[in-house]
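Each remark here refers to the structure printed beneath this line.
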Ligand code: PEP
Ligand code: MG
């Protein structure tokens, strides 16, 4: 019988094929008590299984191809550490010895204790790590029960084998690299879960959070995974199947066509050049930015260099080497290095939750840096030193007050003096910009533009702070609206203020990477877009077929409309035919 399930889309595209349902070992373990004389052997059985999984994780890490995203090895390491935690490596042995539980029972009892602890946690990042603990336990259980995850050989032909699971460990996700499965769908997971992160980097259609897909779908049943809409269709009718095959074919042709755009100059129909820049988190991300022809880096989120190091912050040399690696990789194209935007959903250490009642409104980004001037000076010196090797711009996040800009400029002057004293080179003309991501900043531009060389609009936070929506909170995610008239007015005003002051303005929040919003932003006067490299070619395609005078007319109408529903209708009606 045909039915449809709705989940959270995490990786785009359409996959059609037969379901391969992975059983969840944790749901199926047998419970029995072992005889006293069997206790030692049972503990040994558990130890062996744990050791085998640890070895497996080591060998998966050493087999990673050199071009694997760095998250892969970090995830394998995280799973190894979880497994070696006494909660999982010692406590189950106590349960075997004292209560004479069998190894599987002891392990799932500990898993339940861990899950109960996680349920108390409010931090969404930490809460999502519950899935990692479950995945690690699942691996051990599969060994104990002799049902290690068997990844079948994929079928040949046009239709793939699609994985349906209660949850998939990131380590298991790596198997997708070697075997061309078409996609996957899971009962658990959120957009920030590690599995979702790995799926996105593998670029296969995926949906998480389907609640009970693994119970409702039978082995070998036909399924369609629509990773764009987050919809999973089970046992589709021949008409629906045909429709999705066409859609999939169209999407493939579209991707092929897009790839051809990488080396073309980005100009509107009326020949106005537009700069498409990349957002990166790590120096390794420059490879993808180069592949899609990015004109430079519009946002380098340096905080990723500082995160999860358990108190060991990178020194000036380590930072300089990372920043210089990006400048070198971009071979003469500009690199915008954002100073540390730590705090809120990006704490130094994911294991140390913030004490602040409202971390997003607390001591984060430039506020934190100004409170820690020695640490900030170290970063400023490292950025300045990297600027000697290619065009570099420095970007200050989260500014709300003029005095924050003045204090930062003062510290940059101090960092320059310190480098002069050491005889080290830097670009004396280094451009200094500010992020406009707090409504107060968007409304204070007259004074801000006198101090800054460029502006970059961080729409992710601008929307969060304008609409009072915590951007990490699922329960209010439906209210997070880039097309809210208040947001559009602030973005348009900022672009106009930059134009009037004669300084460049870019958008580096997610709005810049949404092809549906490209013409609206062009109509506002935006000429620099910065986004994740995976989005660059789709946005480029929209720009190549945009006519600026038409864009201006639509944008004028949109800005005069106070109603988001009408704004959406206007944008849809004005889209050029595909
Ligand atoms: C933004 O806020 O739009 C932005 C680009 O910065 P981040 O997402 O890192 O906060
Ligand atoms: Mg931001």
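The values are calculated or read from the model by the stated rules, or taken from the named source; none is laboratory data. None of the values given here were measured: they were computed from a predicted structure. Cβ coordinates were reconstructed from backbone atoms using ideal geometry, including for glycine residues, and neighbour counts include every protein chain displayed.
Here are some notes:
- Residues of the range 452-465 satisfying the condition of being within 15 Å of ligand 1 (Cβ to nearest atom) and either outside the structural domain of residue 403 (by TED's automatic domain parsing) or more than 22 Å from the chain's Cα centre (by Cα) (or both): 454, 455
- Among the residues of the range 280-301, those identified as part of a helix (DSSP H, G or I) and within 16 Å of ligand 1 (Cβ to nearest atom) are 285, 289.
Listed here are the residues, each with its yes/no results for (1) crowded, with 17+ Cβ neighbours inside 10 Å; (2) within 16 Å of ligand 2 (Cβ to nearest atom).
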{"residue": "269", "(1), (2)": "no, no"}
{"residue": "273", "(1), (2)": "no, no"}
{"residue": "278", "(1), (2)": "yes, no"}
{"residue": "292", "(1), (2)": "yes, no"}
{"residue": "310", "(1), (2)": "no, no"}
{"residue": "315", "(1), (2)": "no, no"}
{"residue": "327", "(1), (2)": "yes, no"}
{"residue": "341", "(1), (2)": "yes, yes"}
{"residue": "346", "(1), (2)": "yes, yes"}
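- Yes/no for residue 405 being buried (at least 16 other Cβ atoms within 10 Å of the Cβ) and over 25 Å from the mean Cα position of the chain (by Cα): yes
- Any hit, the range 432-441, residues being more than 13 Å from ligand 1 (Cβ to nearest atom) and more than 21 Å from residue 335 (Cα to Cα): yes
- The range 362-373: number of residues that are out of contact with any helix residue (DSSP H, G or I) (no Cβ under 8 Å at 6 or more places or on another chain), at pLDDT 95 or above and within 14 Å of ligand 2 (Cβ to nearest atom): 2
- Qualifying position, being closer than 24 Å to residue 571 by Cα, away from ligand 1 (no atom under 12 Å from the Cβ) and at pLDDT 95 or above, among 491, 505, 449, 487: 505
- Residue in the range 550-564 that is without any contact (Cβ under 8 Å) to a residue 24 or more places away in the chain, more than 28 Å from the chain's Cα centre (by Cα) and part of a helix (DSSP H, G or I) present: yes
- One residue alone among 344, 356 is more than 20 Å from the chain's Cα centre (by Cα) and either under 26 Å from residue 470 (Cβ atoms) or within 16 Å of ligand 1 (Cβ to nearest atom) (or both), and that residue is 356.
- In the condition set (1) in a helix (DSSP H, G or I); (2) within 16 Å of ligand 1 (Cβ to nearest atom); (3) farther than 28 Å from residue 268 by Cβ, residue 476 is compliant with all but (2).
- Residues located in the range 415-458, provided they are part of a loop (DSSP other than H, G, I, E, B) and farther than 23 Å from residue 299 by Cβ: 423, 424, 425, 428
- The range 393-410, subset in contact with a helix residue (DSSP H, G or I) (Cβ under 6 Å, 6 or more places away or on another chain) and outside any loop (DSSP other than H, G, I, E, B), residue farthest from residue 456 (Cα to Cα): 407
- Number of the condition not met by residue 67 [criteria: (1) farther than 26 Å from residue 164 by Cα; (2) assigned by TED's automatic domain parsing to the domain that holds residue 184]: (2)
- Unique match (being under 26 Å from residue 126 (Cβ atoms) and modelled with pLDDT of 95 or more) among 465, 426: 465
- From 395, 370, residue being within 22 Å of residue 346 (Cβ to Cβ) and away from ligand 1 (no atom under 13 Å from the Cβ): 370
- Residue in the range 253-264 that is in contact with a helix residue (DSSP H, G or I) (Cβ under 7 Å, 6 or more places away or on another chain) and in a loop (DSSP other than H, G, I, E, B) present: yes
- Test: residue in the range 342-358 that is in contact with a strand residue (DSSP E or B) (Cβ under 7 Å, 6 or more places away or on another chain) and in contact (Cβ under 8 Å) with a residue 40 or more places away in the chain: no
- Of the residues making up the range 518-544, those that are in a loop (DSSP other than H, G, I, E, B) and modelled with pLDDT of 95 or more are 525, 526, 527.
- Residue 470 meets the conditions (1) assigned to a helix (DSSP H, G or I); (2) over 25 Å from residue 433 (Cβ atoms) in every case but one. The failed one is (1).
- Test: residue in the range 468-483 that is within 13 Å of residue 559 (Cβ to Cβ) and away from ligand 2 (no atom under 16 Å from the Cβ): yes
- Filter result for residue 250 (in a helix (DSSP H, G or I) and over 29 Å from residue 525 (Cβ atoms)): yes
- Being surrounded by 20 or more Cβ atoms within 10 Å (Cβ to Cβ) and either out of contact with any strand residue (DSSP E or B) (no Cβ under 6 Å at 6 or more places or on another chain) or within 25 Å of residue 345 (Cβ to Cβ) (or both) is a property that residue 126 lacks.
- Verdict on residue 493 being more than 18 Å from the chain's Cα centre (by Cα), in a helix (DSSP H, G or I) and away from ligand 2 (no atom under 16 Å from the Cβ): yes
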